[in-house]
Amino acid sequence: MPAINGTMMQAFHWDYPDDGRLWDELAANAPSLAAAGFTALWLPSPCKAMDGPRDVGYGIYDLFDLGEFDQKGAVRTKYGTRAQLQAAVRSVRHAGLQVYLDTVLNHKGGADATEVTTGTPVNADNRNIDIGPSREIEIWTQFTFPGRGSTYSDFQWHWYHFDAVDYDQRTGDRSIFRLADKTFETPVDPERGNYDYLMFCDLDMNKEVVRGELHRWANWITQTLDIDGFRLDAVRHIRFPFFIEWLDQVRTTAGRDLFAVGEHYTGDVATLRWFI
């Protein structure tokens, strides 16, 4: 067959109503979207986020909750329940469209409890510069997922799985804190000295257990939803070799090629070429 120059549609927008209807709408609209010439749909992150059914999906709380567990104020996400999502993916694929999933691996938000450790405040405009001594801080980094428990994964997140946060509960200080004896990841985008930290609790991709959990989730989500690829969020804030490792393993486990596009938000073409 001749090669097809596919056309992907972003199947959501930031201000989409938080009424839990998107997955049903996609299922209903899939045949007409295929007839119009689209070949793939980019779905928003389907995982439970820190603001529950109001969250667009980028403040990831629980990667393994697709709108199935009563967490963050609701069972469903902004877009619907897991059952609605799975039905939508089946309908979209039945219409001949591929499904690409927005994937947010850089950070987590909405922790279940605080923990105490030490942190060093750094300059927000140049994270290579410390602006104060290391001190004891209380931070929202304990993720136990009480609504899901150990279903699908028994991994719980603690401060040592992250390398930086931007809030000290004790003092209200909103500086960026590099945790304990951590270092920022490299290579990442060199803007602001080192752009490893973006927001919330920044995952420490230098830790093997963190990467291992993200590998397990990738295999689980690919099998659970039978998706065709990923839109990878915030790639310039994660050490670049991670994506080679992550994509290689998920494609190998799936036994097929999986599309991938990374969001590297910059207007500098030379930087994009360097990343690629």
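Listing for the model above:
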| read-out | value |
| --- | --- |
| In the range 105-149, residue nearest to residue 258 (Cα to Cα) [restricted to those that are surrounded by fewer than 15 Cβ atoms within 10 Å (Cβ to Cβ) and acidic (Asp, Glu)] | 125 |
| Long-range neighbours under 6 Å by Cβ, at least six apart or interchain, first residue without any contact (Cβ under 8 Å) to a residue 24 or more places away in the chain and of a type in the set (Asp, Glu) within the range 19-43, second outside any loop (DSSP other than H, G, I, E, B) and open to solvent by less than 50 Å² (accessible area, probe 1.4 Å) | none |
| Contacts under 8 angstrom Cβ, first residue in the range 226-248 being over 10 Å from residue 189 (Cβ atoms) and in contact (Cβ under 8 Å) with a residue 40 or more places away in the chain, partner open to solvent by 20 Å² or more (accessible area, probe 1.4 Å) and polar (S, T, N, Q), 6 or more apart | 228/98; 229/98; 239/186; 239/206 |
| Where residue 179 falls short, out of the listed (1) touching a residue at least 40 places away in the same chain (Cβ under 8 Å); (2) out of contact with any Gly (no Cβ under 7 Å at 6 or more places or on another chain); (3) surrounded by 14 or more Cβ atoms within 10 Å (Cβ to Cβ) | (2) |
| Neighbours by Cβ (under 8 Å, 6+ apart or cross-chain): first from the range 252-276, farther than 18 Å from residue 101 by Cα and of a type outside the set (Phe, Trp, Tyr); second assigned to a loop (DSSP other than H, G, I, E, B) and open to solvent by 70 Å² or more (accessible area, probe 1.4 Å) | 266/191 |
| Set 186, 144: member being over 30 Å from residue 76 (Cα atoms) and among the β-branched types (Val, Ile, Thr) | 186 |
| Count - residues of the range 60-74 that are closer than 23 Å to residue 213 by Cα and either polar (S, T, N, Q) or surrounded by fewer than 19 Cβ atoms within 10 Å (Cβ to Cβ) (or both) | 2 |
| Subset of the range 81-104 [out of contact with any strand residue (DSSP E or B) (no Cβ under 7 Å at 6 or more places or on another chain) and either part of a loop (DSSP other than H, G, I, E, B) or open to solvent by less than 10 Å² (accessible area, probe 1.4 Å) (or both)] | 81, 85, 88, 95, 96 |
| Residue in the range 23-40 that is touching a Lys or Arg at 6+ places or on another chain (Cβ under 7 Å), surrounded by 12 or more Cβ atoms within 10 Å (Cβ to Cβ) and at pLDDT 95 or above present | no |
| Test: residue in the range 45-53 that is in a loop (DSSP other than H, G, I, E, B), under 18 Å from residue 259 (Cβ atoms) and either open to solvent by 70 Å² or more (accessible area, probe 1.4 Å) or not aliphatic (A, V, I, L, M) (or both) | yes |
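The values are calculated or read from the model by the stated rules, or taken from the named source; none is laboratory data. Since the structure is predicted, the reported quantities are computational estimates derived from the model, not experimental observations. Please note: Cβ atoms are built from the backbone with ideal geometry, for glycine as well, and neighbour counts cover all protein chains shown. These accessible areas exclude ligands, DNA and RNA; they are computed on the full protein's heavy atoms, side chains included. Shrake-Rupley method; radii C 1.70, N 1.55, O 1.52, S 1.80 Å.
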